[in-house]
Amino acid sequence: MSPETDLSAGGPTRKQQQRSIVTQRKLLDAAIEAFSENGFKGTSTRDIAERAGVHHPLITYHFKNKDRLWRAAADRIFSQFVQSLAKTLEENHHKSPKARMASMIHSYVRYARHQPALHKVMVQESSYPNPRLDWLVDTHLKPLFKTTFQMIEQLQELGVAPQGNPALLFNMMRVSGGGLLALNHELAASSDIDVNADETIEELADLMVKVFLPGDPGETSEPN
C-alpha cells in the first residue's frame, strides 16, 4: 500500500499525524496560559506538560526546548490577531477612515477578550530586555504598528484623532483596551465590571472610539 493510499484510508500514518496535531495544540494552549500567567522565567516545561495532560518528553519531541515553545505560542497569538485585523480591514475597506479605525478597535477588543494572553504576554516580556521581546517586536509588532501609525496620521490630518505623536496615541489606545481586559478579575472585584460580558466589550470599544477619535468632519463612505 502506498503512503497516499494509507493516508486516504485513515491508516496508522494518518492517525499518528492526527494525534501529533492534537498534542501540539494541547501544548500550545497550555503554554499560552502558563506563559501569560507566570512569564517565561516563571514557567517550567513540566508545568506546561501537566496543564496539557501529556508526557513531559513530548515537549522536546515537538518543540525542542522551552524557547521554541514560547515562540510557537506567541506566534499563534499574534498571527491570529493580525489575521483578525486584516479581515476587519478587508470587510470595511469601502468605509471612511474613521469607520475603518473604529472597526479595528472593536476587532481588537473582541480578540483581546477572547485571547487575554495578547496583552499579558507583552506585559511579562516587556519588564526587562530579552531576545524573545526583540523577536516579537521584529516579527509581529513593527509591521502591524507601521501600518496603524499611518492610519492614525491620516485621522489626525482629517481632524478625527487628537494631535500628538501618533505612535504614542496608538499605544495609549492599545493599552487602555488590553490593560482593562487583562485586569478582568480585579475589575470584577473592585468595580463590578464584567469584561467577559458581550455588552461590556462593545461599550468599551465604543468608549475608546469616542475618546480617541472624537472628531467628525462629516466624512462619507468612499467609493468602491
For segment 177-208, the count of residues that are farther than 14 Å from residue 111 by Cα, in contact with a helix residue (DSSP H, G or I) (Cβ under 7 Å, 6 or more places away or on another chain) and free of Cβ contacts under 8 Å to residues at least 40 places away in the same chain equals 3
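Every residue, every condition in (1) in a helix (DSSP H, G or I); (2) at pLDDT below 95; (3) over 10 Å from the mean Cα position of the chain (by Cα); (4) on the phi > 0 side of the Ramachandran plot, yes or no:
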{"residue": "86", "(1), (2), (3), (4)": "yes, yes, yes, no"}
{"residue": "108", "(1), (2), (3), (4)": "yes, no, no, no"}
{"residue": "112", "(1), (2), (3), (4)": "yes, yes, no, no"}
{"residue": "118", "(1), (2), (3), (4)": "yes, yes, no, no"}
{"residue": "127", "(1), (2), (3), (4)": "no, yes, yes, no"}
Does any residue in segment 82-96 that is in contact (Cβ under 8 Å) with a residue 24 or more places away in the chain come within less than 8 Å, Cβ to Cβ, of a residue that is among the polar types (S, T, N, Q) six or more places away or on a different chain, and which pairs are these?
84/107; 85/107; 94/221; 94/224; 95/103; 95/221; 96/220; 96/221
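The values are calculated or read from the model by the stated rules, or taken from the named source; none is laboratory data. What you see is a predicted model, and the numbers here were worked out from it, not measured in a lab. Every residue, glycine as well, gets a Cβ built from its backbone with ideal geometry; the counts of neighbours run over all protein chains shown.
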